[in-house]
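Let me begin by presenting the structure, written as structure tokens, before commenting on it.
Each reported figure results from applying straightforward, stated rules to the coordinates on display, with no laboratory input. These numbers come from a predicted model, not from an experiment. Reconstructed Cβ throughout: ideal geometry from the backbone, glycine too, with neighbour counts over all protein chains shown.
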Amino acid sequence: MMNVTDIDSSRPVRPDRELSSVVVPLLKGVLYREENPGLWGLLLNRQAGVRDYVAVLGLELMLDEAEGYAFLRSRQDDDEDSLAAGPRLVVRRQLSYPVSLLLALLRKKLAEFDAAGGDTRLILPRDEVVEMIRIFLPAGSNEVKLIDQIDAALNKIAELGFIRRLRGQGQMIEVRRIIKAFVDAQWLADFNERLAEYRQQIAKPREGMDG
């Protein structure tokens, strides 16, 4: 019979390379089915193991097979405003007024797009996005400065993973469907009330609109 003392405790435990190959990208950000179908398939096959592994780190796997994305979220973020966490879940963020507003407008646009049916990808010209948010910003603003501020908000949203600029078409923006996980149906239902709050914000002096 083998005793506990007979086990060579100095022998390193062999890492589960397959599991690591899924967990490491998830720790870095969002995993999309369309961008890495092989890794996506591996995630589906090892889903239980991934959930157990990240749970030790205080994280949970958020996976939407229908929309084709997955990310990790800190369990402590459950009671946070969904807009404050962002897909890169481990770092908490306090979003600025224009970034929050633009996220809400893009989420509403995606809901209208889905309701109309058709294509699964919502792609908008940058100029259309500018016009969407312009009416909620103070009138009489310097045009060049206004565009710069909106671009800064777009850059922040792209950094968070909610949109991406199409390669070779910098003026075209795709709204990533993961935005639905952070601006949920209830948040969207309160959209009009939130816009009223935003309009009140416009009347208040603000130092700037940095993202």
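Given their separation in residues at 0.36 nm each and the Cα-Cα distance between them, Glu128 and Ile147 gain 5.6 nm when the chain is fully extended. Put a dot 7 Å past the Cα of Ser74, heading toward its Cβ, do the same for Ala158, and the two dots end up 2.7 nm apart. Every Cα-Cα pair in the stretch 17-79 was counted, and those over 17 Å apart are 31% of them. For the peptides 59-66, 44-51, residues were scored by their other Cβ atoms within 10 Å and the scores averaged per peptide; the highest-first order is 59-66, 44-51.
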